[in-house]
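**Student:** Sharing a structure here in structure tokens format.
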Amino acid sequence: MTNFSDNFALRGRNTFGLDAEARHWAEFRTAAELRDILLRCREQGLPWYVLSGGSNIILTGNFPGAVIHPAADGIALIGPGLVRAEAAVVWDDLVAWSVERGLGGLENLSLIPGYAGAAPVQNIGAYGAEAKDTIETVEYFDAATLETVRIPKEACAFGYRESVFKGSLKGRAIVTAVEFRLTPEADGKYAYNIGYGDLHDRVMELGGPSLRNIRQAVIAIREAKLPDPAVTGNAGSFFKNPVIPAAQAAELRERYPEMPGYACNGGAAVKVPAAWLIDRAGWKGFRSGTVGVHPKQALVLINLGGATAQEILNLARRIICDVEQKFGVTLSMEVNIL
Ligand code: EPU
């Protein structure tokens, strides 16, 4: 029987550094252990929540049930270019592992915080790549049937920071492992992806495209723009980049010709950087009490020390209202709220 640790402090388990307690904390390594935990929750009528790396969450208070935490962190090459990572593999360790072995596909996603098990849930993305580009199969434990299930990427309903795990399988599927289809760099056929922003120039400065150079360049860009959660509490991008109708984007461009945007949905819509809207609205570097907006990336809200979830959410609401008034665009949150 797996152990429940009672009144477990979550402060060190969320990158925002928020103070909260779980009534119980339960770690699992195997499907049998997870089954035990879920059965115990069922018997005791306890709610449960899966917290892995804690890098994309706001804890609004103490959790009255069991916080379930994956602990298995094996990485294995299970076929040519096919890599299986258990849920608790630290995401960037997986990226480093694959780059060291000359396997391409994850290098643009270097230094994203969190665990591999969260990659399909959020469909994490950066610098022109998303987890969905390489995910082949997701293995999860179904809390309703208490069975392990494997689904191919086509069944994951991947979208921009979206998946079936945030949709119809929410509260039911607990990701236990992810399999990625990677491409050997040595084949000479791998298409490096360096078109995004200043990545191309950084990679060229390092001597041209290679998995190692892309990883190094991405790490340098991220370290320059994003706060280190070990120093300043944050959850990465706080809002999603809004997708607005092309006509609305055209109107905004008349007022703000310099507004960046990327055509999507075959040209019917435009994805506008939320960071630009927030920055242009004057919030970049804003500080109020214990919370603020990161001075180098307006999309990142920061804990200046001792912030509460309410203070962060109040700041988020003020930003949402202001951006709505100024641009007629409604921002939605990218972080999860518990
Ligand atoms: N910009 C500003 N002000 C700022 C920051 C950016 O005007 O303070 C403008 C830039 O000039 C640029 C545009 O906004 O034209 C986009 O900025 P950036 O390339 O930094 O990316 P982003 O759209 O703000 C997204 C992801 C990040 C990811 C980066 C790089 C979302 C919600 N965020 O941010 O992901 O690292 O692209 O690919 O899609 C995360 O999800 O937690 C995250 C950090």
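No lab work stands behind these numbers, since they all come straight from the coordinates. Predicted model, so just to flag it, every value in this text is computed and none were measured. Note that each Cβ is placed from the backbone with ideal geometry, even for glycine, and that neighbours are counted across all protein chains shown.
**Student:** Using a Förster distance of 35 Å, how high is the FRET efficiency between Gln310 and Val90, based on the Cβ-Cβ distance and rounded to 0.05?
**Tutor:** Approximately 0.70, to the nearest 0.05.
**Student:** Got a sec? How would Ser5, Ser163 order by Cβ neighbour count within 10 Å, fewest to most?
**Tutor:** Least crowded to most crowded, the residues run Ser5, Ser163.
**Student:** Checking a compactness column here: for the chain, what do you get for Rg(Cα) / (2.2 N^0.38 Å), N being the number of residues?
**Tutor:** The value comes to 1.02.
**Student:** Another question about this same structure. Using 0.36 nm times the number of residues separating Leu82 and Glu100, minus their current alpha carbon distance, what extension gain do you get?
**Tutor:** Additional length available on full extension: 5.0 nm.
**Student:** What nm value, rounded to one decimal, do you get for the distance between Ala250 and Ala32 when each label is placed 7 Å out toward the C-beta?
**Tutor:** So the two model labels end up 6.4 nm from each other.
**Student:** Right, something else. Which value in nm describes the separation of the simple spin-label points at Arg172 and Ala230, placed 7 Å from the Cα toward the beta carbon?
**Tutor:** 4.0
**Student:** Just the projected area, averaged over all directions, of the convex hull on the alpha carbon atoms of the stretch 205-308: how many nm²?
**Tutor:** Mean projected area for the stretch 205-308: 9.1 nm², to one decimal.
**Student:** Also, quick follow-up: Please compute the contact order of the stretch 233-337 in relative form: average sequence separation of alpha-carbon pairs under 8 Å and at least six residues apart, divided by the residue count, as a percent.
**Tutor:** Once divided by the residue count of the stretch 233-337, the mean separation gives 32 percent.
**Student:** Given Cα pairs under 8 Å that are at least 6 residues apart, what percent is the relative contact order of the stretch 5-70?
**Tutor:** Contact order relative to length: 42 percent.
**Student:** Let's test the formula: R0 of 25 Å, r as the Cβ-Cβ distance of Asn265 and Ile337. What FRET efficiency results, to the nearest 0.05?
**Tutor:** My answer for the efficiency is 0.35.
**Student:** Let me ask something additional. Of Ala22, Thr2, Asn241, whose Cα points farthest to the positive end of the dipole of the chain (charges on the beta-carbon: +1 Lys, Arg; -1 Asp, Glu; origin at the Cα centre)?
**Tutor:** Farthest towards the positive end: Asn241.
**Student:** Sticking with this structure for a sec: Considering only the other residues whose Cβ falls under 14 Å of the Cβ of Arg42, what net charge follows from Lys and Arg at +1 and Asp and Glu at -1?
**Tutor:** With Lys, Arg at +1 and Asp, Glu at -1, the neighbours total 0.
**Student:** Taking 0.36 nm per residue of sequence separation and subtracting the Cα-Cα distance, how much length would be gained by fully extending the chain between Ala157 and Ser288, in nm to one decimal?
**Tutor:** Difference between extended and current length: 43.3 nm.
**Student:** For Arg11, what charge total do you get from the other residues with a beta carbon under 12 Å from its beta carbon, if Lys and Arg give +1 and Asp and Glu give -1?
**Tutor:** Local charge sum for Arg11: -1.
**Student:** Measure off 7 Å from each Cα along the Cα-to-Cβ vector at Asp279 and Glu324, then give the distance between these two points in nanometres to one decimal.
**Tutor:** Going by the 7 Å Cα→Cβ label model, 2.5 nm.
**Student:** Hey, what did the chain get for relative contact order, percent, Cα under 8 Å, at least 6 apart?
**Tutor:** That works out to 16 percent.
**Student:** For Gln44 and Asp201, FRET efficiency with R0 = 51 Å and r from the beta-carbon atoms, rounded to 0.05?
**Tutor:** Between Asp201 and Gln44 the formula returns 0.35.
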